[in-house]
1. Does residue 88 count as over 23 Å from residue 114 (Cα atoms) and without any contact (Cβ under 8 Å) to a residue 60 or more places away in the chain?
2. Residue under question is residue 286, and the condition is that it be in the same structural domain as residue 403 (by TED's automatic domain parsing) and either touching a residue at least 60 places away in the same chain (Cβ under 8 Å) or within 10 Å of the ligand (Cβ to nearest atom) (or both); does it hold?
3. For the range 151-170, how many residues meet the condition of being without any contact (Cβ under 8 Å) to a residue 60 or more places away in the chain and within 21 Å of residue 124 (Cα to Cα)?
4. With the requirement that a residue be more than 24 Å from residue 387 (Cα to Cα), in contact (Cβ under 8 Å) with a residue 40 or more places away in the chain and buried (at least 21 other Cβ atoms within 10 Å of the Cβ), what does the range 299-311 give you?
5. Residue 202: at negative phi and assigned by TED's automatic domain parsing to the domain that holds residue 117, yes or no?
6. Taking into account only those residues within the range 162-177 that are more than 21 Å from residue 51 (Cβ to Cβ) and crowded, with 21+ Cβ neighbours inside 10 Å, which is nearest to the ligand (Cβ to nearest atom)?
7. Looking at the range 113-130, which of its residues are within 16 Å of the ligand (Cβ to nearest atom) and either more than 29 Å from residue 262 (Cα to Cα) or assigned to a helix (DSSP H, G or I) (or both)?
8. Report whether or not residue 369 is in the same structural domain as residue 233 (by TED's automatic domain parsing) and more than 24 Å from residue 223 (Cβ to Cβ).
Ligand code: UGA
């Protein structure tokens, strides 16, 4: 059992605190927002994440997980402190480091014994060295400490599983001993552990997210080409994915990437490159292709319906992806804005994100379910790939729509079935119009 303190109970911090306590460690999680901490003490989670509530509750009851707003309390007898605060994009595109800076200062002012300071937030390359300087300068008296970079690779909606079964753990430090100590904490997870220097670890995180974002923009470009040439991008992706050099993941064409990570991290990496005098040609194209996805769907709708003035358009899903209520950089926000600007009436339904979404799009009418969205609609757009949309009674949807036109921005339906049911169906990159195997690509063993 180790004593660990976690600074920041946002997405990364809360998952880290909950999972480390679940592995038997004594964890105290700190946030400067009193309301958040008070809510957590009452058992209220500030975010939606499947399974997280149970892990938090189990460990609070076992006395292994506590919450505080006091750095003094958090750092007392603590061996490790994890920095998990936000690094939002500044106006220029670089990461805003004010929360990391404040956390480092408070750690320096309140530590009373030697400490391993582990940074999990996604931070510009060089931040680890900067944090070490900050702590050294802000300490009232010198106490030993070591900075380790341990970037997180969790996906929202899958965070508990990703934490407990990581593909790898990356640790960067100037002190091998400190990196080894953090490696010990991760041993129960049985993942490959990569130990390297601080800057390389920080870069691994950016390069990983940028590569995944590149895969998404790549397949979206291929989707557009498929559509023009009469090919089906879902099967193209499946056929490509059997090659282990390519891999089958992150080749879902659609409305592009959103959320709190890819948009911010690709932008920040391009910014860092340009600051150093490199032209980030690939990253810039990745961002450009991604930005156009949201316009693409509205343009296609206009092509199908003509003038959108007075038309009733339904949105299925609002969150930036399924299994989260996160609306940060969600395609739905731009799509709704464009539709409203064109004079359309917009109705929407999302299983969990409507509470957050309603303030971001006050002119969009929130509906009680998917059927209410379809009722009387001139067209419906699938914006988020929630499982409950895959199993809708499609005949009921068709019969209640004013015109049965579906724009499937996430390719969750089979074109052939939709056409048989009498929908005018528009997927993304699904140019092939002949017969299909029921479950997609046929693969002979
Ligand atoms: C992403 C990474 O996957 C995590 O490894 C990383 O830790 C995290 O960012 C982070 O830096 O904190 P996340 O943003 O939760 O995680 O979501 P993803 O599941 O990666 O999806 C990102 C976006 O890409 C979503 O908008 C999703 O709809 C889109 N996407 C994903 C596609 O359009 N196509 C795909 O094939 C896959």
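The values are calculated or read from the model by the stated rules, or taken from the named source; none is laboratory data. Not measured: the values here are computed from a predicted model. Here Cβ is always computed from backbone atoms with ideal geometry, including for glycine, and neighbour counts include all displayed protein chains.
1. Numbers: over 23 Å from residue 114 (Cα atoms): yes; without any contact (Cβ under 8 Å) to a residue 60 or more places away in the chain: no.
Criteria not met by residue 88.
2. Working: in the same structural domain as residue 403 (by TED's automatic domain parsing): yes; either touching a residue at least 60 places away in the same chain (Cβ under 8 Å) or within 10 Å of the ligand (Cβ to nearest atom) (or both): yes.
Criteria met by residue 286.
3. 6
4. Residues of the range 299-311 more than 24 Å from residue 387 (Cα to Cα): 299-300, 302-311.
The next check asks that each one be in contact (Cβ under 8 Å) with a residue 40 or more places away in the chain; those that pass are 300, 302, 304-305, 311.
The answer is 311, and nothing else.
5. Working: at negative phi: yes; assigned by TED's automatic domain parsing to the domain that holds residue 117: no.
Answer is no for this residue.
6. As a first pass, look at the range 162-177 and keep what is more than 21 Å from residue 51 (Cβ to Cβ): 168, 170-177.
Checking the rest, the ones that are also crowded, with 21+ Cβ neighbours inside 10 Å come to 170-173.
Values: 170: 11, 171: 16, 172: 16, 173: 20 Å.
Step by step, filter the range 162-177, then rank; the result is 170.
7. Initial filter on the range 113-130 (within 16 Å of the ligand (Cβ to nearest atom)): 118-125, 127.
Selection gives 127 alone.
8. Values: in the same structural domain as residue 233 (by TED's automatic domain parsing): yes; more than 24 Å from residue 223 (Cβ to Cβ): yes.
Judged against the criteria, residue 369 is a match.
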